[in-house]
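The values are calculated or read from the model by the stated rules, or taken from the named source; none is laboratory data. Just so it is clear, the model here is predicted, and its values are computed rather than measured. With ideal geometry, Cβ positions are generated from the backbone for all residues, glycine too; neighbour counts draw on all protein chains shown. Just so you know, the surface numbers come from the protein's heavy atoms only, side chains and all, with ligands and any DNA or RNA stripped out. Shrake-Rupley method; radii C 1.70, N 1.55, O 1.52, S 1.80 Å.
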Amino acid sequence: MLTRTTVGIARRSTLGRSTKSGVRVRPAVKGPVTVTIERFDPLAGWLFARQEHAVATKGRASIGFVAATVGRWRVSATFDGTIGSGSSASGFDEMLVVSPPSG
């Protein structure tokens, strides 16, 4: 069966705050999901930060993470496939991480 994967994340977050990234697989299948997290470096471009693994249930999975620095971050996801469902990959969704308010 063919699948389609999408990923979403908050548009903005504060440094030190946990942020949830949600993955959706259509049709709503169960199986392994990998979320890749990258941060933007002004000199080097997009740099790998880490990967998280989860299991989609009824086509949905989520992971939480805390950004290590302020700046631009992005996530992408893959549904890694099962015997009955093919693998698929999402595009990117981006987030801006800002410093907490002073005071």
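For this structure, a couple of remarks:
- Calculated FRET efficiency, Phe92 to Ser18, Cβ-Cβ distance, R0 = 25 Å: about 0.80 to the nearest 0.05.
- Taking every DSSP beta bridge that has both ends in the chain, the antiparallel portion is near 95%.
- Over every Cα atom in the chain, the radius of gyration and the widest Cα-Cα span, Dmax, amount to 14.6, 54 Å.
- Between Ile83 and Ala49, the FRET efficiency estimated from the beta carbon spacing at R0 = 30 angstrom works out to 0.45.
- Protein-only accessible surface order, largest first, of Met1, Met95 at 1.4 Å: Met1, Met95
- Distance between the pseudo-spin-label points of Ala28 and Thr6 (7 Å out from Cα toward the beta carbon): 1.5 nm.
- Taking every protein chain into account, the 1.4 Å probe leaves Ser87 with about 80 Å² of accessible area, to the nearest ten.
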